[in-house]
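Working notes for the structure below.
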Amino acid sequence: MAKTNRSGKSRIALWLLLIMGAALAAVLYINREPIGGYAEVGTSYAARVACSCRFVAGRNMDDCRKDKLAGMELVTLSDDADAKSVTARFPLVTSTTATYREGYGCVLEEWEG
């Protein structure tokens, strides 16, 4: 009898996880435009600031990562020293690249959309 009871609790827990997962997916789907917009702005800001830090101020990338604002923990930064560019990524949503141009500083790539 104890096995049946444990199996029943496992099924209930599995159903609850499935329902919570479906609810989370629905919330993310409904809010996909605002999330995408905030992610685009956040990655653009992070790429531009990190590019200026790296290629205008001459700091190393580890030091530049410290300049991200609170709330930008999911944004990752990577640099390409040859292209003099920094790419900021928000996982599964968007990425933006800023490139250093002599006389102009760091310039964002053109936005599509």
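Just to be sure, is THR99 surrounded by 21 or more Cβ atoms within 10 Å (Cβ to Cβ), over 23 Å from LEU28 (Cα atoms) and in contact (Cβ under 8 Å) with a residue 24 or more places away in the chain? No: the conditions fail for THR99.
Residue-by-condition table, conditions (1) aromatic (Phe, Trp, Tyr); (2) under 18 Å from GLU110 (Cα atoms):
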{"site": "ARG6", "(1), (2)": "no, no"}
{"site": "ALA25", "(1), (2)": "no, no"}
{"site": "TYR38", "(1), (2)": "yes, yes"}
{"site": "VAL86", "(1), (2)": "no, yes"}
{"site": "VAL93", "(1), (2)": "no, yes"}
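A Cβ distance below 9 Å, combined with a sequence gap of six or more or placement on separate chains, defines the contacts here; from the stretch 62-76, residues that are without any contact (Cβ under 8 Å) to a residue 24 or more places away in the chain reach residues that are among the small types (Gly, Ala, Ser) and assigned to a loop (DSSP other than H, G, I, E, B) in the pairs CYS64/ALA57. Hey, among the residues in the stretch 75-92 that are aliphatic (A, V, I, L, M) and surrounded by fewer than 16 Cβ atoms within 10 Å (Cβ to Cβ), which one's nearest to PHE55 (Cα to Cα)? Once the filter is applied, the top-ranked residue is ALA81. Of all residues in the stretch 48-58, none satisfies being surrounded by 15 or more Cβ atoms within 10 Å (Cβ to Cβ), under 15 Å from the mean Cα position of the chain (by Cα) and hydroxyl-bearing (Ser, Thr, Tyr).
Read-outs: derived from the displayed coordinates by stated rules, not from any lab. Everything quoted here is computed from the prediction, not taken from an experiment. Because the Cβ atoms are built from the backbone with ideal geometry, glycine has one as well, and the counts that use them run over all protein chains shown.
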